[in-house]
Amino acid sequence: MKTVFTTILLFMSAITLLAQYNPTINKLVWAEEFNYEGHPNPEFWGYEEGYIRNKEAQYYTRRNLSNVRVDDGCLVIEARKEKKDTMNYTSGSINTLGNVDIYLGRVEVRAKIPTGVGSWPAIWLLGTDRTQVGWPECGEIDMMENVGYDPKRMHFTIHTPGTKKDGNKVKRTATLLADDAFTEFHEYALEWYEDRLDFFFDKKLVLSYKKDENLPEYWRFDKPHYLLLNLAVGGGWGGARGIDDSIFPLQYYVDWVRYYK
């Protein structure tokens, strides 16, 4: 069986309105509007700390307002050119693990991303059993990723296990081009069904991944996940063309997060 890897490129000037949000998913069960100041609400958010993954160049700090803060109605994740331990950059990564589970329904995140060579912002979800079963067994849903050396291209991706012939993992992805993701806020959303994941950009469907399309036995989206918001620097993908130190500090803004069922 061939590796499942599909890439779809959609130019904003030519997007066909394939679908909009399901109007029956309308009960708000959790919202984070960031209408306060200071540290993110610990009732909802925890931190990753230190060096975590992907050969990235940043040290993720914990409860450091220079890197993660709520200010003027937004979450601000800031990457800085400064040394911390053995790393040459600092940044922030927060998540809802142990606080807010996501399973079925619709998650919406309104955000404005930074750009520059070496920048790698993301909105994503991992299975809450990650520490027990590892990756990609836990499943991964990337609602948005962007790498600064290809600044206008937004990526939407799922990762699951696969067979040995598939390199032991399955990846399904779509991309679109957006000219103003660094100057304007956009809405990134996921509608999660028992047998399908639908990804949206400004309420337009950009990717639909169905359980029965490819390798249904490797579907890992029948269990709770947690949400992560982070700004990486460099790494195996984000740093593939180096890091431009002139871009720092970088600010990643999140206006709100809403979860409906």
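All of the numbers you see were taken from the coordinates with simple rules; none came from a lab. Only a predicted model underlies this, so the values are computations on that prediction, with no experimental measurement involved. We place every Cβ from the backbone using ideal geometry, glycine too, and count neighbours over all the protein chains shown.
Miscellaneous remarks
- Of Thr128, Thr175, Thr183, the one that fluctuates the most in a GNM where the chain has Cα springs shorter than 10 Å: Thr183
- Peptides ranked, highest mean first, by Cβ atoms within 10 Å: ranges 194-200, 156-162: 156-162, 194-200
- If R0 is taken as 51 Å, the Cβ-Cβ distance between Glu82 and Asp222 corresponds to a FRET efficiency of 0.75.
- Violating pairs (Cα-Cα greater than 28 angstrom) within the set Lys84/Lys203; Lys81/Lys171; Lys55/Lys171; Lys169/Lys210: Lys84/Lys203; Lys81/Lys171
- Computed over the chain with a Gaussian network model linking Cα atoms closer than 10 Å, the most mobile of Leu231, Leu65, Leu75 is Leu65.
- The residue list Pro136, Asn35, His186 was ranked by how far each Cα lies along the charge dipole of the chain toward its positive end, using unit charges on Cβ atoms, and Pro136 comes out on top.
- Each Lys and Arg contributes +1 and each Asp and Glu -1, all at the Cβ; summed about the Cα centre of the stretch 9-260, the dipole is approximately 600 debye.
- With a Förster radius of 45 Å applied to the beta-carbon distance between Arg153 and Ile25, the computed FRET efficiency rounds to 0.95.
- Residue of Gly46, Gly127, Gly98 that the Gaussian network model of the chain assigns the largest fluctuation, springs spanning Cα pairs under 10 Å: Gly98
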